[in-house]
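Q: Below is one structure. I have some questions about it.
The values are calculated or read from the model by the stated rules, or taken from the named source; none is laboratory data. Remember, predicted model here, so these are calculated numbers, not experimental data. So basically every Cβ, Gly included, is an ideal-geometry build from the backbone, and we count neighbours across all protein chains shown. Just the protein is used for accessible areas: all its heavy atoms, side chains included, with ligands, DNA and RNA removed. Shrake-Rupley method; radii C 1.70, N 1.55, O 1.52, S 1.80 Å.
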Amino acid sequence: QVQLVESGGGLVQTGGSLTLSCVASGSIFSFNTMGWFRQAPGQQRELVATITSAGSTQYADSVKGRFTISRDNPKNTVHVQMNSLKPEDSAVYFCYLWSRRAYWGQGTQVTVSS
């Protein structure tokens with residue numbers, strides 16, 4: 001049983017910063033991908049950023065240069081540092097793990113006020 005526990009969401013003003021963290025526990029394959037997706041009301045879930053256990057990263061164009069993803073492999077933890085936040089970044093952010101199959105966290109709300 002794999003579980004993902006997210007933390008770090010909240011309310012921030014435009015231009016502010018937040019860091020989201022996610023800890024994975026359970027039976028996790030050593031070679032895996034962790035990351036973040038987000039879903040705003042009425043929209044589809046979309047990629048924010050991912051990072052493999054080897055350190056390869058992928059970012060959505062909309063967050064490149066503003067968000068930085070990192071991970072701690074021994075602790076099965078992934079973080080995303082979000083800077084220069086915009087109102088359009090407001091969404092529920094979901095932690096993601098690919099380890100033989102996809103796993104999702106319950107989501108954490110990020111609200112950016114204008």
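Q: Restricting the search to segment 22-52, which residues are at pLDDT 95 or above, open to solvent by less than 50 Å² (accessible area, probe 1.4 Å) and over 12 Å from Y93 (Cα atoms)?
A: Once the filter is applied, which keeps residues that are at pLDDT 95 or above, open to solvent by less than 50 Å² (accessible area, probe 1.4 Å) and over 12 Å from Y93 (Cα atoms), segment 22-52 yields A24, T33, M34, T50, I51, T52.
Q: Among the numbered conditions (1) touching a Gly at 6+ places or on another chain (Cβ under 9 Å); (2) part of a loop (DSSP other than H, G, I, E, B), tell me where L47 comes up short.
A: Result: L47 passes all but (2).
Q: In addition: Could you tell me how many of the residues in segment 59-77 are open to solvent by 50 Å² or more (accessible area, probe 1.4 Å) and either farther than 20 Å from E6 by Cα or touching a residue at least 24 places away in the same chain (Cβ under 8 Å) (or both)?
A: 5
Q: Would you mind telling me which numbered condition in (1) assigned to a loop (DSSP other than H, G, I, E, B); (2) modelled with pLDDT of 95 or more; (3) not basic (K, R) L4 fails?
A: Answer for L4: the failing condition is (1).
Q: So, one more: Would you pick out the residues in segment 73-110 that are under 14 Å from the mean Cα position of the chain (by Cα) and among the charged types (D, E, K, R)?
A: The answer is D89, and nothing else.
Q: Let me ask something additional. How many residues does segment 93-114 hold that are assigned to a loop (DSSP other than H, G, I, E, B), open to solvent by 20 Å² or more (accessible area, probe 1.4 Å) and among the hydroxyl-bearing types (S, T, Y)?
A: Result for segment 93-114: 1.
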